[in-house]
1. Answer with yes or no whether Glu386 is without any contact (Cβ under 8 Å) to a residue 60 or more places away in the chain and acidic (Asp, Glu).
2. Could you tell me which numbered condition His329 fails, if it satisfies all but one of (1) of a type outside the set (Phe, Trp, Tyr); (2) in a helix (DSSP H, G or I); (3) at pLDDT 90 or above?
3. Of all residues in region 154-196 being within 14 Å of the ligand (Cβ to nearest atom) and closer than 20 Å to Pro433 by Cβ, which is modelled with the highest pLDDT?
4. What is the residue count in region 79-96 for residues that are in contact (Cβ under 8 Å) with a residue 24 or more places away in the chain and closer than 18 Å to Ser126 by Cβ?
5. Between a first residue in region 251-278 that is over 14 Å from Pro237 (Cβ atoms) and a second residue that is acidic (Asp, Glu) and crowded, with 22+ Cβ neighbours inside 10 Å, which pairs have beta carbons less than 8 Å apart while being 6 or more apart in sequence or on different chains?
6. When you look at Pro203, is it within 16 Å of the ligand (Cβ to nearest atom), crowded, with 20+ Cβ neighbours inside 10 Å, of a type outside the set (A, V, I, L, M) and at pLDDT 95 or above, yes or no?
7. May I ask you to list the residues in region 72-125 that are farther than 24 Å from Ile25 by Cβ and outside any helix (DSSP H, G or I)?
Amino acid sequence: MSDKGFKIRIKIHGFTNLSIMRELIDEFLPPDNYELLEDDGFRTDSALHINLEGSCDKDEIKRELFSKLSAITGKRPDWGILTGVRPVKLAGEIMSGSSRDKALEILTKDYFLTENKAELIVDTYSHQYNNYGNPKPDTVGVYIGIPFCPTRCLYCSFASNQVPESEIERYMPALLHEIEYTGNAMKHKDVRPETIYIGGGTPTTLTAEQLDRMLTAVETTMDLSELKEFTIEAGRPDTITEDKLMVMKNHGVGRISINPQSMKARTLELIGRSHSPEDIVKAFDLAKSVGFDSINADLIAGLPEENSDDFRNTLDKVIEMGADNITIHTLAVKRASRLKDIDEDYHYKVAETVGKMLAEARQTLAAEGLSPYYLYRQKHMAGFFENTGYCREGIDCLYNIRIMDEHQTILALGAGGISKIYYPSTDKLERIPNVTNYEQYIDRIDEMCERKENKYFTQEVL
Ligand code: SF4
């Protein structure tokens, strides 16, 4: 399908919401290789047309589309007809009325998942269900975003700015203001954080003194009596110092994330990281010596020029370093990334290699006693696979579980933060975004607080 002039034409009779079919078709064919036609009431019988009779049941249409595209392309995507971000939610819905075996049967027969993926989400849901029930209604998750990193990774599509220290210092008063406003408003509304997650960007681009100021603001304005977990992403090893780790430890941070992505020097250089594999080992040793006993490591399957031996080697080293959580991401080629400009079809080309990497990683991690505890999918992932968090027994990340489960309000602070208000009566979420641009965030900080005030703190959330 590399010939960009050659297109398969797809027409679905009697079904107008074509956008929901595009995601499934994209798994078989790059967008340049097909055309999705509006239903004009006429059947077209060319070999390059797929004619589907409309049906009220979108899953039925997806199954038929899946079978026809499989026959034409020879591909059989592992996630079958599932295209959403949160397949574990579906496993939960099915398992609430069915046995494990029945759930596996439904996922493989009705949704066309491979046995491996069906087991993965059933195991992930079982971990969540067995360890955590639903959150208490007067608790929330709190996210604080630090949108700065030392350099920009090749695949990055996040709010990540490379700025002088003076700009980071300019960000601090606005962030502290939002923390103080939110902490006080939470007390007034009688809600408490169950988890706090400070992410980004790279929060450890802050100095030890700035981290201290931020964490002091959290501690003094929020009621932490229900807090079960406090995480800071210390993603880049080159931003980690003993001083910063000590500040975090002294403020009750229990979980950190040090993200190697790869332990191969050439890859780190290719993706634009400014550290070596040895820096990662040193950062792990330092964090352990300071007393952190819950350390996550993010890895990415499908990085440029990596084969399955490279990925296996990275995984072995991270296990050896003693990570308690290992999150295996599949490389996503998003619009805002530099990689997208270099090769927009990259995620199709590495599909087979990534499939092998993920399958081997699951086996290796199971043998090491790490089991899957959360999982999500994104658009434009290599091979349209998934991201999976694995953990040692009892050392998972509740914030990650809750945010994927979507049954708890998340209050997000900082540039790029998107709060999600959960309404139990309708089981729906409402999004309240902060602006992504950090300069605008500084200028419009009062407006960010007012948005939360108007949509959440002064509203009855039923
Ligand atoms: S560390 Fe994360 S947020 Fe920062 S540039 Fe890399 S991918 Fe983006």
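1. Working: without any contact (Cβ under 8 Å) to a residue 60 or more places away in the chain: no; acidic (Asp, Glu): yes.
Against the criterion (without any contact (Cβ under 8 Å) to a residue 60 or more places away in the chain and acidic (Asp, Glu)), Glu386 does not qualify.
2. Failed condition: (2).
3. The selected residue is Asn161.
4. So the count comes out to 8.
5. Close Cβ pairs satisfying both conditions: Lys264/Glu306; Thr267/Glu306.
6. So Pro203 passes the test.
7. Selection gives Ser96, Gly97, Ser98, Ser99.
Listed here are the residues, each with its yes/no results for (1) within 17 Å of Ala185 (Cβ to Cβ); (2) of a type outside the set (Val, Ile, Thr); (3) touching an Asp or Glu at 6+ places or on another chain (Cβ under 6 Å).
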site	(1), (2), (3)
Ile418	no, no, no
Ile421	yes, no, yes
Ile432	yes, no, no
Asn437	no, yes, no
Asp446	yes, yes, no
Arg451	yes, yes, no
Phe457	yes, yes, no
Glu460	yes, yes, no
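The values are calculated or read from the model by the stated rules, or taken from the named source; none is laboratory data. In this text, all values refer to a predicted model and were calculated from it rather than measured experimentally. In this analysis, Cβ positions are derived from the backbone assuming ideal geometry, glycine residues included, and neighbour counts consider all displayed protein chains.
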